[in-house]
Every structure is written in structure tokens, then in C-alpha cells.
Amino acid sequence: MDFLEREMAQDMLLMEKQLTQSYTTAETECANEGLRKTLHRLHEDTESMHARLFHAMHQRGWYQTPVAGQQAIETAILSWEQKELRGERRETPR
């Protein structure tokens, strides 16, 4: 039973992650203010569910998060700073 619960939680987490990405795109590209507000509310609900699932899985040992070493952190910071200096912006694929 534990294995089935773990698989279901993994599927749900993946679904919430994909929904969050979809709502982000839809919300940021929506021209209708009322629809944008509705999408924003749905986006927040989805992020909340994702966080609850993630924490429940993490507590049960079903989702391991690696600890970043100092070098990995510094590399990520430098990469981000270089992109900012070049004025690069991450665009969502359409």
C-alpha cells in the first residue's frame, strides 16, 4: 500500500508542477483582466497544493532534495549575475 501511495503522490506532484507552469504562462499572457485574476487565483491554489504535496513527500522520505555545496551555489550566483549584466531574460516557450 505504501508503494501505491508513493506513486500516486509522485503523479500528483508532477501534475501540480505542470499545472503551475501552465497557469504562469496563461496568466502572464492574458489580455482580459477578469480572466487574469481567475487564473492568478487558480495559480495560487495550485502552488499551495504543490507545496503541501512536496512537504508531505519530503517528510516521508519519498522526495529527496540534494544539498548544494558552496561551489554550486557560487556558480549559480555568478551565472545569474552574468545573465543580468547581459540583459538576458528568460522567455517562456510558446
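Odds and ends about this structure:
- Only residues that are farther than 13 Å from Phe54 by Cα and either surrounded by 15 or more Cβ atoms within 10 Å (Cβ to Cβ) or of a type in the set (Ser, Thr, Tyr) (or both) were counted in the range 1-29, giving 9.
- Qualifying residue in the range 56-78 (condition: surrounded by 15 or more Cβ atoms within 10 Å (Cβ to Cβ), touching a Leu at 6+ places or on another chain (Cβ under 6 Å) and part of a helix (DSSP H, G or I)): no
The rows are residues; the columns are (1) at pLDDT below 90; (2) over 23 Å from Gln21 (Cα atoms).
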residue	(1), (2)
Leu35	no, no
Leu39	no, no
Ala51	no, no
Arg60	no, yes
Gln64	yes, no
Ile77	no, yes
Glu81	yes, yes
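- Top-ranked residue in the range 1-28 [being in contact (Cβ under 8 Å) with a residue 40 or more places away in the chain and in contact with a Ser or Thr (Cβ under 8 Å, 6 or more places away or on another chain); ranked as nearest to Arg60 (Cα to Cα)]: Thr24
- Residue match in the range 31-43 (condition: surrounded by 12 or more Cβ atoms within 10 Å (Cβ to Cβ), without any contact (Cβ under 8 Å) to a residue 24 or more places away in the chain, among the small types (Gly, Ala, Ser) and more than 21 Å from Tyr63 (Cα to Cα)): no
- Residues of the range 1-55 that are out of contact with any His (no Cβ under 8 Å at 6 or more places or on another chain) and β-branched (Val, Ile, Thr): Thr25, Thr28, Thr38, Thr46.
- Within the range 79-90, the set of residues being small (Gly, Ala, Ser) and not in a helix (DSSP H, G or I) comprises just one member, Gly87.
The values are calculated or read from the model by the stated rules, or taken from the named source; none is laboratory data. Remember, predicted model here, so these are calculated numbers, not experimental data. Ideal geometry is used to build each Cβ from the backbone, glycine not excepted, and the neighbour counts take in all protein chains shown.
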